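Asker: Handing you this structure, nothing more for now.
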Amino acid sequence: MDRKLLLIILDGVPWRNWRRLFGNLEGWVDSGHAQRWKMRSVLPSTSASCYASIHTGVTPQEHGCTGNGNVFRIRQPDIFSEVRKAGGVTGAVTHSFWSEFFNRHPFDYVRDIEYDEPDSASINHGRFHSMTGYGHANQMTPSDVDLFATLTMLATRKGLNYGILHTCTLDSMGHRFGHDCGEMDHACFVADEMLAPFITRWRNDGYEVIVTADHGQTDRGHHGGREDLQQDFALYYFGDAEGPDFDERLDQLQLAPTILNRLGVPIPVTMKAKPFL
């Protein structure tokens, strides 16, 4: 496999805040170096349910994850499994839920916090954080720049064809402060500034890059239900493919088959949504 793509998920950022506060991403759209669309999450618009749908292309009602308290080894085909079948190398720098969904459940802190498994049928190279102890008064999140650097290290050293990065910083900030306040404005600004030089480096290294969220969040710091603020977020694409008109709203179930399509990997029959690139 000679194609390469990185998926960057900034957890819990509503459409409005992407457009207002991510000046680097929006600047690349204005200059023609990126394309941007609105995407709508599945229901429930809860983190774990969305993670499973992002990678399998099926609804929570089909894969069975109904929320953060119901995490298990997913059985449907997913991006990792299909890339591996096609001979590609996979990597993940994410919350531990991703390891549990797509590699092993339950998560073992010693065994699974970091692994390199070249023969794995799913994730070859994993670096995970659990956020154990997370709460309103203590976010328990790593620095985003450390996560961006870790993915870059894996991509460079391990030759990833597909890599995913997921950070909960902005979701955690939103739960604590809501999404319409000075603290949130600054947090989004910092994330945008941290991410920008890595996008340039990844593109120079030959990767297509997708930057998006798993769901939105309200001004009261809530998500899980049906509402534009809870479900709608932005998706930015850096690459040579053409997408739909700006005004078209994408479905989250389109993300997995789109990524496989860009990587030249056959799309399993379980992924029924149409690729958008």
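Asker: If you find the alpha carbon centre of region 253-277 and of region 1-40, how far apart are they in angstrom?
Answerer: After rounding, the separation between the Cα centres reads 19 Å.
Asker: Cα centroid distance between region 232-248 and region 99-176, in Å?
Answerer: Result: 26 Å between the Cα centres.
Asker: For region 195-249, which trypsin sites (Lys or Arg not before Pro) pass both filters: DSSP loop (anything but H, G, I, E, B) and at most 12 other C-beta atoms within 10 Å?
Answerer: Within region 195-249, the qualifying trypsin sites (Lys or Arg not before Pro) (loop, at most 12 other Cβ atoms within 10 Å) are R220, R226.
Asker: So what is the relative contact order for region 1-99, in percent, with contacts set as C-alpha pairs under 8 Å and at least six apart?
Answerer: Contact order relative to length: 20 percent.
Asker: For the chain, modelled as a Gaussian network with Cα springs under 10 Å, which listed residue fluctuates most, D232, D146, D171?
Answerer: For the chain, modelled as a Gaussian network with Cα springs under 10 Å, the answer is D146.
Asker: On a full-extension model of 0.36 nm per residue, what is the gain between D2 and M153, subtracting their alpha-carbon distance, rounded to one decimal in nm? Write down the numbers at each step before the final one.
Answerer: On the way: separation 151, 0.36 × 151 = 54.36 nm, distance 1.87 nm.
This chain segment gains 52.5 nm when fully extended.
Asker: When only C-alpha pairs under 8 Å and at least 6 residues apart count, what is the relative contact order of the chain, in percent? Mind dumping the intermediate values first?
Answerer: Working: 609 pairs, mean separation 95.6, N = 277.
Relative contact order, the chain: 35 percent.
Asker: Using only the alpha carbons of the chain, determine the length spanned along each of the three principal axes and report them from longest to shortest in whole angstroms.
Answerer: For the chain, the Cα spread along each principal axis is 47, 42, 35 Å.
Asker: In this model, which of K85/K274; K4/K272; K4/K158 are farther than 19 Å apart at the alpha-carbon?
Answerer: The answer is K85/K274; K4/K272.
Asker: Scan region 30-99 for trypsin sites (Lys or Arg not before Pro) in coil per DSSP, keeping those whose Cβ has at most 14 other Cβ atoms within 10 Å, and list them by number.
Answerer: R73, R75
Asker: Debye calculation, C-alpha points only, no solvent: report log10 I(q)/I(0) for region 116-229 at q = 0.20, 0.22 Å⁻¹, in the same order as the q values.
Answerer: Here the Debye-derived log intensity ratios amount to -1.18, -1.29.
Asker: Follow-up question, since we're still on this one. So what's the back-of-envelope 222 nm ellipticity for the chain, counting only DSSP H runs of four-plus at -39500 (n - 2.57) apiece and dividing by all residues, rounded to 500?
Answerer: Computed ellipticity for the chain at 222 nm equals -11000 deg cm²/dmol.
Asker: Looking at region 177-249, which chymotrypsin sites (Phe, Trp or Tyr not before Pro) are in a loop (DSSP not H, G, I, E or B) and have at most 14 other Cβ atoms within 10 Å?
Answerer: F246
Asker: Counting only C-alpha contacts under 8 Å and six or more residues apart, can you give the relative contact order of region 53-200 as a whole percent?
Answerer: Result for region 53-200 is 22 percent.
Computed from the coordinates by the stated procedures, all read-outs in this text should not be read as laboratory data. Keep in mind that what you see is a predicted model, and the values were worked out from it rather than measured. Positions of Cβ are generated from backbone atoms using ideal geometry, with glycine treated the same way; all protein chains shown enter the neighbour counts.
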